[in-house]
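For reference, the structure is listed below as structure tokens.
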Amino acid sequence: MNKLSPAVPLNELWSRVCDELRNVVSPDAVERWFLPLRAEALTEGAGKKAPVLTLLASNTIYSFWIEENYLPQLRGVLAQLLGKKTVQVAFKAVTVAPAPPTPATPSHLPSASEALPVQDDFFPATPAPSVAAPAFDLAAPERSPSEASGLNPRNTFDLFVVGPNNQFAANAARAVADAPARSFNPLFIHGRVGLGKTHLMQAIGNRLLKKKGGGQFKVKYVTSEQFTNDFITAIQQGDLSRFRKRYRHVDALLIDDIQFLAGKDRSQEEFFHTFNALFDGSKQIVLTSDAPPSEIANLEKRLSSRFESGLTLEIQTPGIETRLAILRTKVEAMRVALPDEVLVYIAERIKTNIRRLEGALTRVAAYASLHTQSGQTIALPQVEALLKDLLQHESPATVSIDAIQRKVAEIFDIRLADMTSKRRPASIANPRMIAMYLSRRLTASSLAEIGEAFGGRDHGTVLHAQKTIEARMQADPKLNQQIDQLVSRLGA
């Protein structure tokens, strides 16, 4: 791959980028997601700041989809073409853009690995005015304090959806951001993958960056892997003093996934002294992990005890209400209209991972924006097909309709045969509706398949049972708790 001269016009740069991307992503993905974009500016900062390429798109779906699926490949191609170590990418939404190439009409719904089709009328047909494309603009870019600190500026408290599963963590994080090194130091947040730990940590950093008082508040966010790599590089180059200045002369140090420091003796030794220097200097320390300090294997006890000396708290799996609130917040940010029943369906079916939840929404929103005609809405069968692979991760293979029927019959002390019988006394009808609801929620079976498993009932009966139980759960906390216990016993 030959490097480009700074004199090359931006349109030629972007054309070359798209050509090179065909070697690392599918040609179809390049046509659908990259060719419709236009390069607006390329700016480069002084010193070691990375260049920033600003891309124009007519819909925020492009930025969501590329950032979710292709950002590493795009940045890698840009870095090679420009001869830079790294290149940042920024997106800007515009209302008018040149029409993209006409795509082939798909004969099927796309799978997770396929790009989504672009409608011919997605962009206005009016051609863009004929303007000479500018050459590279190497003026110093306006990099936000968040980007300079390693933070994602989107990760703020305003965009963090608070629910019962994370309320304590969110309140503690706000307290730290309002009074760093005085409220809880260190703050240690742990929880399963994809529950929002990184977002909450970075929200602290973004809030702290707004603080003034004798100069800009210095915040540094890195993963523990970055910390280790920087330390190894400093040893190789014989420049530990510079490394220590970079990590110890800050007002707040945020380290993500600290569990990956375990087993790395020299890195743990260095972090131990870094921790002490910051703590003794009344600087804020925030750490995240997938487990509490005491459960991180091969972590030195002196580090574990220091991590536990502040506030340690857990982010738990979000409930249905919180998951639905997250989806509605994300849809509003995307500015894409989706039926509420679609959001409810996604929230019900993807329960254990917020990152996967948001990824499912991005996929559905992209399809809805690029594939449905004006005035149409995406239907649930299309959503089920689009999310089939994600739903398989969420629904364990061991949970079957038969297992649900047996467990519900056991809990409510009725015969298994009552699940398929025509008898309708409340003592049988209610458990049967609960079993139908759980079958809909915990398996990938269709309404028709569930109805057949319950004595040949039609899909309308199953749908009525689902809606009835959902309404009762909202009004009856005891039933809600009973359903949660059944889900737990089924291992779902």
Taking region 227-252 and keeping only residues that are of a type in the set (Val, Ile, Thr) and farther than 24 Å from residue 280 by Cα, one is left with 232, 233, 235
Flagged in region 460-474 as modelled with pLDDT of 85 or more and loosely packed, with under 15 Cβ neighbours inside 10 Å, in numbering order, are 460, 464, 467, 471
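Looking only at residues in region 235-269 that are among the small types (Gly, Ala, Ser) and modelled with pLDDT under 90, which one is nearest to residue 188 (Cα to Cα)?
This residue is 262.
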Does region 60-70 contain at least one residue that is at pLDDT below 85, over 26 Å from the mean Cα position of the chain (by Cα) and closer than 30 Å to residue 151 by Cβ? no
request  = Could you please let me know if residue 236 is more than 28 Å from residue 355 (Cβ to Cβ) and exposed (fewer than 14 other Cβ atoms within 10 Å of the Cβ)?
outcome  = yes
Discussion item. Looking at the structure I just gave you, is residue 372 at pLDDT below 90 and of a type in the set (Ser, Thr, Tyr)?
Written reply: yes
Could you tell me whether residue 423 is in a loop (DSSP other than H, G, I, E, B), outside the structural domain of residue 351 (by TED's automatic domain parsing) and in contact with a helix residue (DSSP H, G or I) (Cβ under 6 Å, 6 or more places away or on another chain)?
no
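Per-residue answers, yes or no, for (1) assigned to a strand (DSSP E or B); (2) in contact with a Leu (Cβ under 8 Å, 6 or more places away or on another chain); (3) without any contact (Cβ under 8 Å) to a residue 60 or more places away in the chain:
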| residue | (1), (2), (3) |
| --- | --- |
| 230 | no, no, yes |
| 244 | no, no, yes |
| 253 | yes, yes, yes |
| 266 | no, no, yes |
| 271 | no, yes, yes |
| 277 | no, no, yes |
| 282 | no, no, no |
Residue 278 vs (1) farther than 18 Å from residue 156 by Cα; (2) modelled with pLDDT under 90; (3) crowded, with 17+ Cβ neighbours inside 10 Å: all pass except (2)
Being under 23 Å from residue 322 (Cβ atoms), crowded, with 17+ Cβ neighbours inside 10 Å and touching a helix residue (DSSP H, G or I) at 6+ places or on another chain (Cβ under 7 Å) narrows 383, 408 down to just 383
Screening 441, 457, 415 for residues that are at negative phi, at pLDDT 85 or above and surrounded by fewer than 12 Cβ atoms within 10 Å (Cβ to Cβ) leaves only 415
Per the filter on region 325-344, residues over 17 Å from the mean Cα position of the chain (by Cα), surrounded by 18 or more Cβ atoms within 10 Å (Cβ to Cβ) and assigned to a helix (DSSP H, G or I) are 342
Note on region 294-318: residues part of a helix (DSSP H, G or I), modelled with pLDDT of 90 or more and not aliphatic (A, V, I, L, M) are 301, 302, 304, 305, 306, 307
Of the residues in region 37-94 that are part of a strand (DSSP E or B) and of a type in the set (Ser, Thr, Tyr), the one that is nearest to residue 335 (Cα to Cα) is 54
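The values are calculated or read from the model by the stated rules, or taken from the named source; none is laboratory data. What you see is a predicted model; the values in this text were computed from it and never measured. Neighbour counts are summed over all protein chains in view; Cβ atoms, including those assigned to glycine, are modelled from backbone coordinates with ideal geometry.
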